[in-house]
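**Student:** Quick one: the structure is below, and I'll ask about it shortly.
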Amino acid sequence: MRAMDPERPTPCEPVERRRLAADPLQEYCLSLPEALPKGAPIVVSVHGVSRNAAEHARFLAPLAAAKGAVLVAPLFAADRFPDYQRLGRAGRGLRADLMLDRIAEEVSALSGASARRLLLIGHSGGAQFVHRYAMAYPLKVERYVVSAAGWYTLPEPERPFPYGIGRANELADLDFDARAFLAVPGCVLVGSRAVGRGRTLNKGPRIDREQGPTRLDRARLWSQAMNRAAFRHGLPPPLSFRELPEAAHSFRGMVCRGGLAEASFAFLFSARPPRAG
């Protein structure tokens, strides 16, 4: 599958920057295809710590339109959501998980698209948010793609969130159901050159020992851990893992050189049977 050419402009679908009616401080980017059937899917793409929501929308809107889907890129501002990668623990700003629900509900009301089960894409810090959202709310997610996450929540009930799926005082209302989230199909993408240890990577002896020293190592280990956990529950492996050649960590580089956008949409709209329930 051919990646986008960084020297050529991407075909542009209209992208609107909106403010949530119930919270005017909350922004999100929205792109609607010209022909939008009732009940169309909603694709949500979540930015990393650079908070480049508009860039996500510009790159991904044409692919969403080709699938007859709505594209939403929420902006989790640093002053309001400093902990959005971990959903938003108590005392660390607003809850990003609850805000995504509110945005999806508004988009559904505006467009007639279905917010019942979302299709999620997350990059870097956004990949941290997306996989944790899918683990916390499996019934709200149809499929998800994560790329270049710095670190992951492991499916270990004996460890409190966000390191594992045990109950945590900072998010006391969450109760993780491993069998439910292990039934949600996911795709883990990482650049073959994602072996640096820059300032945005969670580093330390413990995290390096448990998850590996690089994004590439950690993506592979988490995929294996999730698929092993599914086997223990008598479920098929939920995750596919893929390295993107010539790509390192940046969202633009992974899109333009690694085929991130095409790989994400190929997985989200693949011919696998829809989830039951």
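**Student:** What nm value, rounded to one decimal, do you get for the distance between residue 173 and residue 16 when each label is placed 7 Å out toward the C-beta?
**Tutor:** Simple spin-label model gives 2.9 nm for this pair.
**Student:** Treating each Cα of the range 16-268 as an identical point scatterer and ignoring solvent, apply the Debye formula and state log10 I(q)/I(0) at q = 0.13, 0.15 Å⁻¹.
**Tutor:** -0.76, -1.05
**Student:** If you don't mind, there's one more thing I want to ask. Could you run the Karplus curve 6.51 cos²θ - 1.76 cosθ + 1.60 with θ = phi - 60° over the range 104-116 and give me ³J(HN,Hα) per residue in whole Hz, x for Gly and Pro?
**Tutor:** 4, 5, 5, 4, 4, 5, 6, 10, x, 5, 8, 9, 5
**Student:** Another one. Can you list the residues, at least 5 places off or on another chain, whose amide H is less than 5 Å from the amide H of residue 192, using H built in the peptide plane?
**Tutor:** Hits under the 5 Å cutoff: 244, 246, 247.
**Student:** Which residues in the range 51-65 have a backbone N closer than 16 Å to a point placed 7 Å from the Cα of residue 77 along the Cα-to-Cβ line?
**Tutor:** It comes to 51-54, nothing else.
**Student:** To continue, here is another question. Which whole-number percent gives the relative contact order of the chain, counting Cα pairs below 8 Å spaced six or more residues apart?
**Tutor:** Dividing the mean separation by the residue count of the chain yields 17 percent.
**Student:** So if I place +1 on the C-beta of Lys and Arg and -1 on the C-beta of Asp and Glu, and nothing else carries charge, what would the dipole magnitude of the chain be about its Cα centre? I want it in debye, nearest 20.
**Tutor:** 540 debye
**Student:** Starting from the Cα gyration tensor of the range 93-196, take the square roots of the eigenvalues, sort them a ≥ b ≥ c, and report rounded, prolate or oblate (rounded when a/c is under 1.5, otherwise prolate if a/b is larger than b/c, else oblate).
**Tutor:** Cα axes put the range 93-196 in the oblate bin.
**Student:** Still on this structure: Can you tell me the order of 142-155, 87-100 when each peptide is scored by its average per-residue count of other Cβ atoms within 10 angstrom, highest first?
**Tutor:** Descending packing order for the listed peptides: 142-155, 87-100.
**Student:** Sticking with this structure for a sec: For the chain, with a Gaussian network of springs between Cα atoms less than 10 Å apart, report the residue from 159, 51, 232 with the top mean-square fluctuation.
**Tutor:** Of the options given, 232 has the highest mean-square fluctuation.
**Student:** If you take every DSSP beta bridge whose two residues both sit in the chain, what share of them, in percent to the nearest 5, is antiparallel?
**Tutor:** Beta bridges within the chain, antiparallel portion: roughly 25 percent.
**Student:** Using Cα centres only, tell me the gap between the range 162-185 and the range 52-93 in whole Å.
**Tutor:** One Cα centre to the other: 21 Å.
**Student:** Still on this structure, I have one more. Suppose only helical runs count, i.e. DSSP H with n ≥ 4. What mean residue ellipticity at 222 nm does that imply for the chain under -39500 (n - 2.57) per run, divided by all residues and rounded to the nearest 500 deg cm²/dmol?
**Tutor:** After summing the helix terms and dividing by residue count, I get -9500 deg cm²/dmol.
Every number here is computed from the coordinates shown, using simple stated rules; none is lab data. Not measured: the values here are computed from a predicted model. All Cβ positions, even for glycine, are placed from backbone atoms using ideal geometry, and neighbour counts span all protein chains on display.
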